Amino acid sequence: MPLDIVVGSQWGDEGKGRIVDLLAAEADMVARYSGGDNAGHTLTVAGRIFRLHLVPSGILQPHVLCLLGNGMVINPARLLAEIEQLQALGILVSPDRLKLSSAAHIITPIHVALDSAEEAGRARGEIGTTRRGIGPAYADKAARRGLRAGDMRDPGAFGRQVQQQVQAGVDLPGSQPGLPAPHPVEAGRTYAAYAERLCPYLADVGEIVYRALEAGRTVLAEGAQGTLLDLDHGTYPYVTSSSPTAPGALLGLGIGPRHVRRILGVAKAFQTRVGSGPFPTELTGTEADRLRGSGENPWDEFGTTTGRPRRCGWLDAVLLRYAVRVNGLTELALTKLDVLSGIESPRLCTAYRAGRERFTDLPDTPAYLADFTAVYEDLPGWADNLAAARAWTDLPPAARRYVERVEALAGCPVSMISVGPQREQVVPRESGR
Ligand code: IMP
């Protein structure tokens with residue numbers, strides 16, 4: 001009856017999608033539990049590139065049932081576009097393979113408009129959101145005036161609710177200066193049509209997950225974003241508006257902790273972030289460019305959702321240890337180790353300094369990271385191309401040493417290492433224990 005949870009251990013974009021795609025081969029269901037189309041997964045399967053924002057990466061495994069949990073916020077236009085794309089490719093042939101929780105919340109055009117308007121008006125400067133309406137939709141949920149997916153069961157009434165919500169937003173004094181306001185009547189009509197099309201996908205996802213677990217099936221909870229973007233536990237206010245950490249999987253799917261087996265944190269062998277906020281190990285100039293890549297490849301460090309170049313830096317083991325704690329990680333998957341090949345001396349952040357004080361653990365929550373300077377350990381580099389490595393012993397000694405040092409500093413075993421974008425470019429660490 002296992003529930004395995006895959007979470008991002010950094011600021012998102014760790015490569016969770018490819019790890020979920022791999023683990024989904026052994027799972028019966030894959031369920032997304034938080035966020036919305038702010039997420040983006042790039043998967044490379046048999047030389048084809050797939051970009052998904054809402055539908056779990058497990059959809060590429062034909063036997064897997066995919067679920068969108070109650071903790072998510074759904075833009076129906078985006079979901080329908082993804083469904084159409086998957087139908088055209090013959091990957092999704094019936095609504096039986098994809099279910100949307102009736103308790104998930106709906107993103108409407110006013111949320112998208114407000115996201116941009118709020119960004120422009122923030123006293124502390126922009127958060128750098130994806131402008132997909134995520135924050136305003138979660139704000140409406142918390143204020144108990146949101147629209148839920150289950151409301152789509154009556155498309156006519158749902159369309160009227162959307163119209164009213166958009167009208168209320170447009171009427172807000174001073175709302176969206178300089179931005180095109182969504183049209184309430186048009187939004188209502190469009191959303192009623194979306195509702196007709198999405199009704200066959202609605203279900204009680206918590207019940208489906210519970211029944212499956214009780215029957216001994218394996219369910220994989222697929223995280224989006226990352227630990228440091230968590231509304232409570234991340235670098236507030238430079239965070240998203242949901243709970244991407246492992247406990248969020250339980251809340252966002254409507255299931256208790258009893259069934260949890262593995263909690264796998266995905267971490268890049270270096271570190272990236274999009275949007276604003278503190279980043280103690282951030283690099284600039286040619287060093288950052290080296291980690292980012294040129295943008296020619298889909299796996300280079302440019303946002304899947306917004307195309308923005310990602311900020312890049314060295315792996316921060318202090319934050320990784322924090323991710324192990326907050327998520328209760330049982331193991332780590334280290335991605336993109338191949339990108340460090342050719343770097344003379346890759347660095348790991350092992351502590352922080354503030355004035356004369358030195359900290360090996362976070363002295364306070366990550367919201368106050370800006371006050372600290374990274375302290376580094378320099379490791380020997382390796383020149384070898386890792387693309388063909390499939391076993392621990394295929395990795396050069398310096399790369400193995402890097403992984404072992406990450407394990408020791410994070411206080412968590414690394415169970416797999418990715419060395420390229422293809423499905424098979426993964427080294428199981430067990431092979432070296
Ligand atoms: P929002 O989720 O669009 O409100 O954006 C809030 C912050 O989270 C911004 O810094 C975004 O860049 C960041 N963010 C949201 N989703 C992702 C993601 O999937 N990967 C990386 N960063 C993300």
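Odds and ends about this structure:
- Nonlocal amide H pairs with Leu98, under 5 Å, H built at 1.01 Å: Cys66
- Amide H to amide H, with H built 1.01 Å from N, Gly8 comes under 5 Å of Thr227, Val266, counting only residues 5 or more places away or on other chains.
- Proximity of backbone amide H atoms, modeled 1.01 Å from N, is registered between Ala31 and Leu67, Leu220, Ala221, Glu222 at under 5 Å, excluding neighbours fewer than 5 places apart on the same chain.
- A Förster radius of 30 Å, combined with the Cβ-Cβ distance separating Ala367 from Leu251, puts the computed FRET efficiency at roughly 0.90.
- Gaussian network model of the chain, Cα within-10 Å springs - most flexible of Gly234, Gly36, Gly47: Gly47
- Residue-wise HN-Hα couplings along region 321-330, as the Karplus relation 6.51 cos²θ - 1.76 cosθ + 1.60 with θ = phi - 60° gives them from phi, are 5, 5, 4, 4, 5, 5, 8, x, 4, 9 Hz; Gly and Pro carry x.
- Its residues counted as N, region 105-200 yields a C-alpha radius of gyration over 2.2 N^0.38 Å of 1.08.
- Projected label distance in nm at Glu331 and Glu196, using a 7 Å step from Cα toward the beta-carbon: 4.8 nm
- Take each peptide in 348-357, 129-138, count the other Cβ atoms within 10 Å of every residue, and average; sorted highest first, the result is 129-138, 348-357.
- Rg/Rg_globular for the chain, with Rg_globular taken as 2.2 N^0.38 Å and Rg from C-alpha atoms: 0.97
- Peptide ranges 407-419, 284-296, 102-114 listed from the most packed, as the mean C-beta count within 10 angstrom indicates: 102-114, 407-419, 284-296
- Rounded to the nearest Hz, the phi-derived 3J(HN,Hα) couplings of region 237-254 under the Karplus curve 6.51 cos²θ - 1.76 cosθ + 1.60 (θ = phi - 60°) are x, 8, 9, 8, 9, 10, 10, x, 5, 4, x, x, 5, 6, 5, x, 10, x, where x marks glycine and proline.
- Distance between the 7 Å Cα→Cβ label points at Arg258 and Gln87: 3.9 nm.
- Expected 222 nm ellipticity per residue - DSSP helices of 4 or more, -39500 (n - 2.57), all of the chain, to 500: -9000 deg cm²/dmol
- Potential lengthening between Glu377 and Arg358 on full extension [0.36 nm per residue; Cα-Cα distance subtracted]: 5.4 nm
- Label point 7 Å beyond Cα of Asn297 along Cβ direction - residues of region 324-351 with amide nitrogen under 14 Å: 335-343
- Of the solvent-accessible surface of region 105-200, computed with a 1.4 Å probe over protein heavy atoms with every protein chain present, carbon and sulfur atoms account for 52 percent.
- Sorting 370-382, 48-60, 335-347 by their mean Cβ neighbour count within 10 Å, with the most densely packed peptide first, gives 48-60, 335-347, 370-382.
- Figure note: Thr240, Thr190 ranked by solvent-accessible area, largest first, 1.4 Å probe, ligands and nucleic acids not counted: Thr190, Thr240.
- Computed from Cα positions, the angle between helix 76-88 and the longest principal axis of the chain comes to roughly 70 degrees.
- Part-to-part distance (alpha-carbon centres) for region 258-304 and region 36-92, which is given in Å: 22 Å
The values are calculated or read from the model by the stated rules, or taken from the named source; none is laboratory data. For clarity, every value in this text was computed on a predicted model and none was experimentally measured. Here the Cβ is made from the backbone with ideal geometry for all residues, glycine too, and neighbour counts use every protein chain on show. Areas reflect the complete protein model, heavy atoms only, side chains present, ligands, DNA and RNA absent. Shrake-Rupley method; radii C 1.70, N 1.55, O 1.52, S 1.80 Å.
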